[in-house]
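Here the structure comes first, spelled out in structure tokens, and everything after it is commentary.
No value in this document is a laboratory result; all are computed from the given coordinates. Just so it is clear, the structure is predicted and the values come from calculations on it, not from any experiment. Using ideal geometry, Cβ is built from the backbone for each residue, glycine included, and neighbour counts are taken over all protein chains shown.
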């Protein structure tokens, strides 16, 4: 039995081998085994701030966004409110304009004014806020503030005036600062504003500042203004200064200005100064008529007596006309008596 099974098994195997041989293509050679090389292992690269392989230069990462500081927020608010103020002014909305400016000026201090002012546009500078900013800056650092305004080609006369006003507490510092300024139109404007500020406050400083100006009509006009203010507060000091002026023409002009100003206090003394110190007929005539007008308003009888002492001529006639016209308005009877005393030598002319 076992032999029979073995024979059957061998027969089946032989039949299978014959069948497989018949199914195989005749022209097919041995099957070649294709060996596929393994892919290279991908090496893990730890993430770094720059790539390991890059054909282009590496770029620095952009800085992280920075939060604005409280001052930067305040500055942005100031510019926003200034634009609102300018718009309200343009549209003539006065209530909004006034309230906005009050809020703006409350943000200024001596400590922050420099940085705020330097951030303003020309239009923003030319506002009450800009002027107030200059004043605060002048309180903190007058030299830096003055130099910054001086360097601006669009600086206005008001801004220059604010700078000059900022120096009024320090006359010595102002003289030293002005002395080192280069000659320029800005310097002339600045000195003119400063002289106007000091003319009544400290005439001696005003004179020293005027001496730094270029000679000319502007300088003369400012010195005449100083003479008027000084003689009103200290006539002796004013006359001492005027007497020491070397230029005869300028000296006479200053005497005339001082005399006309002092006529408000003592017209008799003022007329005496005029007669003793001024030789130019034109200057004497103009000043005498101005004194006659001032004197007639204070004491027409005294003014009439003074005018009658003039040498005969156009100046005397004009002075008497000024007196009688004022006197007839306040005391016609006295004016008539005076006219009669002239015995026909004077014929009044009504204005």
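Extending each Cα 7 Å along its Cβ direction at residue 139 and residue 340, get the distance between those two points in nm, one decimal.
For residue 139 paired with residue 340, the spin-label model returns 6.8 nm.
How many percent of the alpha carbon pairs in segment 98-142 exceed a separation of 12 Å? Present the calculation step by step, with values, prior to reporting the outcome.
Numbers: 543 of 990 pairs.
Here the tail beyond 12 Å accounts for 55 percent of pairs.
Could you sort the peptides 131-143, 168-180 by per-residue average Cβ neighbour count (10 Å cutoff), highest mean leading?
Working: 131-143: 19.5, 168-180: 14.2.
Those peptides, ordered most packed to least, come out 131-143, 168-180.
Could you give the spread of the C-alpha atoms of segment 238-351 along their three principal axes, from largest to smallest, in whole angstroms?
Computed over the Cα atoms, the extents are 48, 26, 21 Å.
How far apart, in nanometres, would the label points at residue 264 and residue 66 be if each is projected 7 angstrom from Cα along the Cα-to-Cβ direction?
It works out to 5.8 nm between the two label points.
Per 0.36 nm of contour for each residue apart, how much would the distance between residue 107 and residue 302 grow if the chain were fully extended, relative to their Cα-Cα spacing? Write out the running numbers ahead of the final one.
On the way: separation 195, 0.36 × 195 = 70.20 nm, distance 5.93 nm.
That pair, residue 107 and residue 302, stretches by 64.3 nm at full extension.
Within 10 Å of each residue's Cβ, count the other Cβ atoms and sort 71, 310, 190 from fewest upward. Provide the component values of the computation, followed by the final result.
Numbers: 71 11, 310 20, 190 25.
With the sparsest Cβ surroundings first, the list reads 71, 310, 190.
At a Förster radius of 25 Å, what calculated FRET efficiency corresponds to the Cβ-Cβ distance of residue 95 and residue 158, to the nearest 0.05?
Working from the Cβ atoms, E equals 0.55.
So for segment 75-219, what percent of the C-alpha to C-alpha distances run longer than 18 Å?
Every Cα pair in segment 75-219 considered, those over 18 Å come to 57 percent.
Calculated FRET efficiency, residue 170 and residue 281, Cβ-Cβ r, R0 51 Å, to nearest 0.05?
Calculated value: 0.70.
For segment 159-214, state the average projected area of the convex hull of the C-alpha atoms over all orientations, rounded to one decimal in nm². Intermediate values should be presented prior to the final figure.
Values: hull surface 13.0 nm².
Mean orientational projected area (segment 159-214, Cα hull): 3.2 nm².
Kindly state, to the nearest 0.05, the FRET efficiency for residue 84 paired with residue 214, given R0 = 41 Å and r defined as their beta-carbon distance. Walk me through the intermediate numbers first.
On the way: r = 44 Å, r/R0 = 1.06.
The calculated FRET efficiency here is 0.40.
Starting from 0.36 nm per residue, how many nanometres of slack lie between residue 314 and residue 234 once their C-alpha separation is accounted for?
Values: separation 80, 0.36 × 80 = 28.80 nm, distance 3.35 nm.
Stretched fully, the residue 314-residue 234 segment lengthens by 25.4 nm.
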